[in-house]
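One structure is given below, encoded as structure tokens.
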Amino acid sequence: MYRGNTCGELRISDVGKTVTLAGWVQKIRKMGGMTFVDVRDRYGITQLACNETTDADIFAKANKLGREYCIKVVGEVSERQSKNGNIPTGDIEILVRELTVLSESVTPPFTIEDDTDGGDDIRMKYRYLDLRRNAVRKNLELRHRMTILVRNFLDSKDFIEVETPILIGSTPEGARDFVVPSRMNPGQFYALPQSPQTLKQLLMVSGFDRYFQIAKCFRDEDLRADRQPEFTQIDCEMSFVEQQDVIEVFEGMSRHLFKEILSVELPEHLPQITWHEAMRRFGSDKPDMRFGMEFVELDEQLKGTGTFPVFNDAAYIGGICVPGCAGYTRKQLDGLTDFVKRPQVGASGLVYVKYNEDGTVKSSIDKFYTPEVWQKVKEATGAKDGDLVLIMSGSNANKTRVQLCSLRLEMGDRLGLRDKNRFECLWVVDFPLFEWSDEEQRLMSTHHPFTMPNPDDISLLDTHPERVRAVAYDFVCNGVELGGGSIRIHDGRLQEKMFGILGFTPEQAMAQFGFLINAFRYGAPPHGGIAFGLDRFVSILAGLDSIRDCMAFPKNNSGRDVMLDAPSALDIKQLNELKLKVDVSQESNS
């Protein structure tokens with residue numbers, strides 16, 4: 001038996017017992033005739049005590065240990081003289097009677113502690129060591145607990161878990177697919193699923209009226225903090241439902257997770273706002289509601305009321321009131337201007353108005369407007385003496401709102417208003433069904449081509465499809481989209497019409513999605529669903545800035561696994577079996 005107890009369970013009540021522990025050496029403290037060793041497993045840390053006088057051989061072995069040696073010890077639980085109140089086992093230690101080195105370790109490339117000296121790259125290369133750290137381990141334990149809670153909750157609501165295939169056909173609509181060559185079908189390729197969307201719809205046709213899956217999904221797109229090329233969804237679908245039915249079930253699931261994991265009680269009914277309202281008030285379809293600074297449109301106050309040409313020519317003028325920041329220095333204001341001019345934001349400039357505590361007003365464009373105009377701006381924005389108003393404008397209203405949103409979030413960060421321990425959740429509904437793609441020069445699905453148009457807008461499909469609303473909904477928490485879904489089209493003729501609007505010929509639609517259209521001929525029920533990003537949900541509950549920290553083996557920002565050195569070139573024999581030739585241009589290598 002390698003161990004009879006874990007390194008996190010022994011307490012003062014165990015004093016006098018003989019125990020067997022196994023784990024890794026966390027730290028060694030040599031103090032003359034005594035050597036103390038902290039041994040660690042995923043359950044905790046226990047101090048070992050080795051006495052030169054009592055057992056010289058054990059003492060000598062302990063002094064030869066190194067960090068991260070894997071060891072087994074047998075000893076007697078004893079009360080510590082110098083207790084450690086920072087750990088649960090801090091009242092006891094083990095008087096070692098036997099010590100066995102199970103495996104030696106070279107010096108680790110970074111310290112395996114909560115506050116490590118390892119940077120992201122080195123920790124990803126040695127991820128198996130990084131996973132020994134408490135901070136990372138706790139994230140994976142939280143992820144495990146969440147999946148158990150989700151499964152039990154959905155099981156209690158009569159959902160059945162069904163696995164769908166990983167090797168499927170390519171669906172060009174949406175993000176890029178990862179493709180897999182077929183050896184048995186030369187020149188043909190599988191795709192890895194971006195989601196089980198059409199497969200779960202087929203399950204609804206099959207009569208599995210409540211389906212879920214903890215589904216692995218893949219998207220070949222540029223990465224950022226909340227994206228990875230492979231990720232996990234809590235994927236769900238329901239038959240005989242309308243939008244509110246889906247919302248009620250998964251609002252309940254979210255409420256259950258927050259309560260069980262964080263003891264946080266979400267409101268009984270979460271607010272719902274339309275996409276248009278979200279864009280108008282916050283410049284985002286995933287607004288952070290933990291703080292104010294809502295947008296105020298200032299066209300009436302500033303357009304044509306002065307001689308500032310930028311405002312007079314603008315299609316949109318909007319501002320935010322930043323409480324208590326009229327004292328910002330010129331250097332701070334210039335820094336904000338530089339922020340909005342960054343390529344990630346893309347604005348051409350920023351105007352400020354300082355409503356000082358003494359009642360005076362100072363603006364970066366004072367010479368263009370009278371004091372009466374600034375008073376009207378003050379009234380419109382609800383500013384008080386001591387507040388700062390920041391104003392942006394542009395020729396495209398939504399684009400400018402998005403830029404103003406970046407500024408709002410930046411001010412929220414600077415003022416400490418985005419508290420990770422506070423949670424504000426809502427639903428965003430009534431998304432546009434289509435969006436224009438400059439790259440494709442055509443309408444694209446905002447979500448996917450299987451989303452039901454709002455019944456009130458069906459007639460607009462033939463005349464103004466860009467104005468059609470979708471029966472779609474996103475679950476947003478603290479400015480992060482945690483889940484999204486829609487009611488689906490279940491009528492084959494309407495589905496064919498959607499494909500036509502998206503530029504598919506009837507032949508193309510049948511070639512790619514004929515299996516779904518044909519299935520709808522056999523009594524498809526009304527259905528809808530939702531998918532939550534498990535990685536994002538865990539990161540929100542854990543207070544993390546990146547989903548990588550709650551994944552066991554994530555990729556870096558270039559989509560590489562630096563530990564496995566993947567992706568990598570294939571052996572020529574493998575290429576020959578697949579009937580593939582690789583032609584990488586010099587431009588691609590540069």
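If you take the beta carbon distance between residue 83 and residue 138 as r and set R0 to 25 Å, what does 1/(1 + (r/R0)^6) give as a FRET efficiency, to the nearest 0.05?
Efficiency computed from Cβ-Cβ geometry: 0.55.
Which pairs break 24 Å Cα to Cα here: 138/259; 17/138; 125/341; 138/420? Show your work: numbers first, answer last.
Numbers: 138/259 18 Å; 17/138 29 Å; 125/341 35 Å; 138/420 17 Å.
Where the Cα-Cα span goes over 24 Å, the pairs concerned are 17/138; 125/341.
Per residue of the stretch 520-533, what does 6.51 cos²θ - 1.76 cosθ + 1.60 with θ = phi - 60° give for ³J(HN,Hα)? Whole Hz please, x for Gly and Pro, Karplus curve as stated.
My calculation for the stretch 520-533 gives 5, 6, 10, x, 6, x, x, 8, x, x, 7, 9, 9, x Hz in order.
If you count only protein heavy atoms with a 1.4 Å probe, what accessible area per residue comes out for the stretch 93-202, rounded to a whole Å²?
Each residue of the stretch 93-202 exposes 56 Å² on average to a 1.4 Å probe.
So how far, in whole Å, is the C-alpha centre of the stretch 355-429 from the one of the stretch 518-563?
Measuring centre to centre over Cα atoms gives 34 Å.
Out of the stretch 1-108, which trypsin sites (Lys or Arg not before Pro) are coil in DSSP terms and have no more than 16 other C-beta atoms within 10 Å?
Counting only loop positions with at most 16 other Cβ atoms within 10 Å, the trypsin sites (Lys or Arg not before Pro) in the stretch 1-108 are 3, 11, 17, 42, 64, 67, 80, 83.
Would you mind pulling out the separation of the Cα centroids of the stretch 268-291 and the stretch 301-344, in Å?
So the two Cα centres are separated by 23 Å.
Taking amide hydrogens as modeled 1.01 Å from N in the peptide plane, which residues meet the under 5 Å criterion relative to residue 451, leaving out close sequence neighbours?
Residues meeting the amide H criterion: 489.
Give the longest segment of the chain that steers clear of chymotrypsin sites (Phe, Trp or Tyr not before Pro) in DSSP loops with at most 14 neighbouring Cβ atoms within 10 Å, not counting the sites themselves.
Answer from the scan: 241-590.
For the chain, build the charge dipole from Cβ charges (+1 Lys, Arg; -1 Asp, Glu) around the Cα centre, then report which of 198, 306, 15 sits farthest towards its positive end.
About the Cα centre, the residue reaching furthest to the positive side is 15.
Charges at C-beta only: +1 for Lys and Arg, -1 for Asp and Glu. How large is the resulting dipole of the stretch 242-289 about its Cα centre, in Debye rounded to 20?
On the way: 5 positive and 10 negative charges, 54 e Å.
Using Cβ point charges on Lys, Arg, Asp and Glu, the stretch 242-289 gives about 260 debye.
Below 8 Å between Cα atoms, with a sequence gap of 6+, how large is the relative contact order for the chain in percent?
13 percent
Would you mind telling me the share, in percent, of accessible area of the chain contributed by carbon and sulfur at probe 1.4 angstrom?
The value for the chain is 48 percent carbon and sulfur by accessible area.
Per residue of the stretch 278-290, what does 6.51 cos²θ - 1.76 cosθ + 1.60 with θ = phi - 60° give for ³J(HN,Hα)? Whole Hz please, x for Gly and Pro, Karplus curve as stated.
4, 5, 5, 8, 9, x, 8, 8, 9, x, 8, 9, 6
Under 5 Å between amide hydrogens, which residues at least 5 positions from residue 190 or on another chain qualify, with H placed 1.01 Å from N in the peptide plane?
For residue 190, the qualifying residues are 180, 182.
Using 0.36 nm per residue, how much length does the chain from residue 341 to residue 259 gain when fully extended, once their Cα-Cα distance is taken away?
Taking 0.36 nm per residue and subtracting the Cα distance, the gain is 25.4 nm.
By the scheme Lys and Arg +1, Asp and Glu -1, what is the net charge of all other residues having a beta-carbon under 11 Å from that of residue 118? Could the numbers behind the result be given before it?
On the way: positive: 123, 125, 127, 133; negative: 113, 115, 117, 120, 121, 130.
Within the 11 Å Cβ shell, the charges total -2.
Pairs to check: 303/399; 216/286; 157/200. Give those whose C-alpha atoms are more than 20 Å from each other in this structure.
216/286
Among DSSP beta bridges lying fully in the chain, give the percent that are antiparallel, nearest 5.
Bridges in the chain that DSSP calls antiparallel: roughly 95 percent.
Rounded to the nearest Å, what's the spacing between the alpha carbon centres of the stretch 77-121 and the stretch 174-234? Just the number, please.
For the stretch 77-121 versus the stretch 174-234, the Cα centre distance is 43 Å.
Calculate the dipole size of the stretch 365-495 relative to its Cα centre from +1 charges on Lys and Arg beta carbons and -1 charges on Asp and Glu beta carbons; express the result in debye to the nearest 20. Mind showing how you got there, number by number?
Details: 16 positive and 21 negative charges, 58 e Å.
Computed about the Cα centre, the dipole is about 280 debye.
Only four residue types carry charge here, +1 at the Cβ of Lys and Arg and -1 at the Cβ of Asp and Glu. Report the dipole size of the chain about the Cα centre in Debye, rounded to the nearest 20. Don't jump to the answer; show the numbers that get you there.
On the way: 72 positive and 87 negative charges, 276 e Å.
Charge dipole of the chain: 1320 debye, to the nearest 20.
Once every DSSP H run of n ≥ 4 in the chain is given -39500 (n - 2.57) and the sum is divided by its residues, what mean residue ellipticity at 222 nm do you get, rounded to the nearest 500 deg cm²/dmol?
Computed mean residue ellipticity for the chain: -8500 deg cm²/dmol.
Just to check I understand the Karplus step: with θ = phi - 60° and J = 6.51 cos²θ - 1.76 cosθ + 1.60, what whole-Hz values come out for the stretch 412-428, glycine and proline as x?
Working through the residues one at a time gives x, 5, 5, 9, x, 8, 9, 5, 5, 9, 10, 10, 10, 10, 7, 10, 9 Hz.
Among 96, 1, 65, pick out the residue whose Cα is farthest towards the positive end of the charge dipole of the stretch 1-144, where Lys and Arg carry +1 and Asp and Glu carry -1 on C-beta, about the Cα centre.
Selected residue: 1.
Of 483, 214, 405, which is farthest on the positive side of the dipole of the chain, counting Cα position, with +1 on Lys and Arg Cβ, -1 on Asp and Glu Cβ, and the Cα centre as origin?
The residue sitting most towards the positive pole is 214.
The values are calculated or read from the model by the stated rules, or taken from the named source; none is laboratory data. Worth saying up front: this structure is predicted, and the values here are computed from it rather than measured. Backbone-built Cβ (ideal geometry, glycine too); neighbour counts: all protein chains shown. When the accessible area is computed, the model is the full protein with side chains, heavy atoms only, and any ligands, DNA or RNA have been set aside. Shrake-Rupley method; radii C 1.70, N 1.55, O 1.52, S 1.80 Å.
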